[in-house]
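Notes follow the structure.
The values are calculated or read from the model by the stated rules, or taken from the named source; none is laboratory data. Remember, predicted model here, so these are calculated numbers, not experimental data. FYI the Cβ positions are ideal-geometry reconstructions off the backbone, even for glycines, and counts take in every protein chain you see.
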Amino acid sequence: MFSTERGASNLLVGVVVSLILLKVIVGWISGSISVFAQAADSFLDLFAGLITFFAVRVATKPADEEHPFGHGKVEDMAGVVQGVLIFVAAGVIIYSAVTRIINNTTIELAEVGIGAMLVSMVASILLSRHLLKVSRATGSVVLEANARNITGDIYSTAAVLVGLLVVRLTGLSILDPIMAIGMAIYIAKIAYDTLGKPLLGLVDASLPRSEQAVIESCLGEQGNQIVGFHELRTRRSGNQRYIDLHLVMAKNISLEQTHGVCELLEHDIQARLPRTNVTIHVEPCDGKCKYCSVNPSACQTK
C-alpha cells in the first residue's frame, strides 16, 4: 500500500500531521521553545509533504500532446523547494535558540518534552528509511528529497532531546539552545546536499559518469555490426532518463538488420537503466576501415 510513490507520499503527510499535533500539545504543556521549534519544523515538513503529494501526481502522468517528454521535471522543481524548506527549518531552529538565550527561558515538565522527542525520533527514523527505500525503487527525486528532509528532523529532534535531558539533570537551560544551533548548522548542510540532484535535473545536466559507462558498455557488446558512435547526449527529468546518440553502422547491413540492432541496444540499455528513453540516429560507415572497430571486409559493398 505504501510501497508506491503515491502511497509513500500519503504516509508522509499522515505521519507529519500526527507529529505536529503531538509537538504543539507538548510545547504548550511544557512551555519549551525547543519543542515549539520542532513543531514549526514539522509544519515545514507538512508543507513539503503536500508539495510531494501533488508533485508525484503530476510527475507520474503519462506524456501528452502538450508535454511529449512527460511531466518529470515537476519532481525536480519540488525537490528544489524541499531543499529550500530544509534551509528555512535550520533558520527557524537557530532563531528559536537565540531567542531562548536572550530571554533566559526556563522549561517546565521537561519529562513530557523528552517523551515527545523520543516518539518523534522513532517515527521519523522509520519514515525516512521507508521514503528512501521507495525513492530508490522508483527513482523519485522528490521522495528522496523528503527522506533527506526527515533525516534532518531526526538530528534536530536529537539535539532538542539531549538539550532537554541536560536541562533536566543539571538545570543549565542555556545548554539546550546551544546544542540546537549546532544541529541547525548540520541541517543546513543536508539542505545543500538535497538541492544538488534536482538542480542538475532542471538544467539538463548529463547523467552520472557511472551511468554513461553502462551505456558505453551496452554499445560495446553489440558485436561487429556497429562501427562506432558519437554525439552521445544524456539527461534526466524526474525519475526518467533520456539518451540520444548517433550510431555508425557497417555499410553492407540491411535496414532490417539495422533496426534489429537498434532495438536490441535499446532493450539492453533499458534493462540496466530502468525508466530510460533511447533515441538513435543511424549513420553509414564512411569507408575508412582502418579507423573502424569492425572487420574491414564487412564494410565492402557486394
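Pairs meeting the criteria (first residue in the stretch 97-119 and at pLDDT 85 or above, second residue surrounded by fewer than 21 Cβ atoms within 10 Å (Cβ to Cβ), beta carbons under 6 Å, at least 6 apart or on different chains) are 112/29; 116/22. When the criteria are applied in full, residue 231 meets the requirement of being touching a residue at least 40 places away in the same chain (Cβ under 8 Å), among the acidic types (Asp, Glu) and touching a Leu at 6+ places or on another chain (Cβ under 7 Å). Confirm whether residue 56 is in the same structural domain as residue 145 (by TED's automatic domain parsing), within 22 Å of the chain's Cα centre (by Cα), modelled with pLDDT of 75 or more and part of a helix (DSSP H, G or I). Judged against the criteria, residue 56 is not a match.
For the stretch 173-186, the criterion of a residue being in the same structural domain as residue 98 (by TED's automatic domain parsing), out of contact with any strand residue (DSSP E or B) (no Cβ under 9 Å at 6 or more places or on another chain) and within 19 Å of residue 77 (Cβ to Cβ) is satisfied by no position.
Take the conditions under 21 Å from the mean Cα position of the chain (by Cα) and assigned to a helix (DSSP H, G or I) and apply them to residue 198. Does it pass?
When the stated conditions are applied, residue 198 passes them.
Within the stretch 230-248, being at pLDDT below 85 and at negative phi holds for 235, 236, 237, 239, 240. Considering each of 14, 79, 72, 83 in turn, give the residue that is small (Gly, Ala, Ser), in the same structural domain as residue 193 (by TED's automatic domain parsing), touching a helix residue (DSSP H, G or I) at 6+ places or on another chain (Cβ under 8 Å) and modelled with pLDDT of 80 or more. Exactly one of 14, 79, 72, 83 is small (Gly, Ala, Ser), in the same structural domain as residue 193 (by TED's automatic domain parsing), touching a helix residue (DSSP H, G or I) at 6+ places or on another chain (Cβ under 8 Å) and modelled with pLDDT of 80 or more, namely 83. Being surrounded by 18 or more Cβ atoms within 10 Å (Cβ to Cβ) and either among the basic types (Lys, Arg) or within 26 Å of the chain's Cα centre (by Cα) (or both), is that true of even one residue in the stretch 105-115? No; the residues of the stretch 105-115 include none that is surrounded by 18 or more Cβ atoms within 10 Å (Cβ to Cβ) and either among the basic types (Lys, Arg) or within 26 Å of the chain's Cα centre (by Cα) (or both). Taken as a whole, the condition of being in a helix (DSSP H, G or I), among the aliphatic types (A, V, I, L, M) and in contact with a Gly (Cβ under 9 Å, 6 or more places away or on another chain) does not apply to residue 165.
Conditions tested, residue by residue: (1) over 30 Å from residue 196 (Cβ atoms); (2) under 36 Å from the mean Cα position of the chain (by Cα); (3) surrounded by 13 or more Cβ atoms within 10 Å (Cβ to Cβ).
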| position | (1), (2), (3) |
| --- | --- |
| 222 | yes, yes, yes |
| 229 | no, yes, yes |
| 232 | no, yes, yes |
| 235 | no, yes, yes |
| 240 | no, yes, yes |
| 254 | yes, no, no |
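I want to confirm something. Restricting to the stretch 144-166 and keeping residues that are modelled with pLDDT of 80 or more and farther than 18 Å from residue 19 by Cβ, which single residue is surrounded by the most Cβ atoms within 10 Å (Cβ to Cβ)? Out of the qualifying residues, it is 144. Just checking, which of 210, 206, 217 is in a loop (DSSP other than H, G, I, E, B), over 23 Å from residue 146 (Cα atoms) and either out of contact with any Cys (no Cβ under 7 Å at 6 or more places or on another chain) or not small (Gly, Ala, Ser) (or both)? Being in a loop (DSSP other than H, G, I, E, B), over 23 Å from residue 146 (Cα atoms) and either out of contact with any Cys (no Cβ under 7 Å at 6 or more places or on another chain) or not small (Gly, Ala, Ser) (or both) holds for just one of 210, 206, 217, which is 206.
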